Amino acid sequence: MALVNLETYNSIPNIHTGNNSFRYSPDDGANWFPIALSTGSYDIEDINNEIQRRLRLNKHKTKIIIDANRATLRATLTLARHYQVDFNVVNSINTVLGFERQIYTYDMTTNGYTEGEHIVNIISINSILVNSDIIHGSYVNGTQQSTIYSFFPADGPGMKIIQTPKNLVYLPVTLRTINRMQTYLTDQDGRPIDFRGEHLTIRFHLREV
């Protein structure tokens, strides 16, 4: 059996309820305001724009700026005087931005500029695996799995994903008679991928041996 065609839309979120939160203070920690981004596909600029919007909604000055240092692949945080950001919260966005789980304050020596301690993890998916429970003979990172095809979406968020392999790779089927089969998509670590309700169409070809 080989995968012939796969079609869907790139609606995979990198920000979700498990990594979308932090809180900030505009008055040296006297009062704290939580921010939780909506589930979606964000880059660093999108994250910063949403933070600016939330600050304005709270009637605060836009004195928290998230940016990227593309040379070091790290996020940057710029704070004005009296502003603080706390990443030590439940479902913190620090895992995406590469900051520690701690409170960041204005530093006079750097004019409020801080660079993340770790490289950003803006996209946690390295590969999308198409799995079928009726095939065998496939290995992923040295482990036998039921993966019949893998790819990484070259199209941006909201764009159509079309995968049509030029050279079909046939894998053995474990059943003599196919009454049912389960096909599912995971990331490189075996975690289910959330397409947020988008339709997924997959076509296979069976070849008699």
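Identify the residue in the stretch 105-154 that is at positive phi and modelled with pLDDT of 95 or more and, among all such residues, is surrounded by the most Cβ atoms within 10 Å (Cβ to Cβ). Steps first, answer last, please.
Restricting attention to the stretch 105-154, the residues satisfying the condition of being at positive phi are 111-112, 137, 141-142.
After this cut, where a residue has to be modelled with pLDDT of 95 or more as well, the list is 111-112.
Values: 111: 11, 112: 19.
That would be 112.
Select from the stretch 97-123 the residues that are in a strand (DSSP E or B) and among the acidic types (Asp, Glu) and list them in ascending order. Before you say what the answer is, go through the steps one by one.
First, the residues of the stretch 97-123 that are in a strand (DSSP E or B): 103-105, 113-115.
Listed by number, the list holds a single entry, 115.
Would you confirm, using the coordinates I've provided, whether residue 9 is among the hydroxyl-bearing types (Ser, Thr, Tyr), modelled with pLDDT of 95 or more and farther than 30 Å from residue 183 by Cα?
No; evaluated as a whole, the condition is false for this residue.
Considering only residues that are hydroxyl-bearing (Ser, Thr, Tyr) and surrounded by 15 or more Cβ atoms within 10 Å (Cβ to Cβ), look in the stretch 1-38 and name the one that is farthest from residue 146 (Cα to Cα).
25
The values are calculated or read from the model by the stated rules, or taken from the named source; none is laboratory data. Note that the coordinates shown come from a computational prediction; the quantities given were computed from them, not determined experimentally. Reconstructed Cβ throughout: ideal geometry from the backbone, glycine too, with neighbour counts over all protein chains shown.
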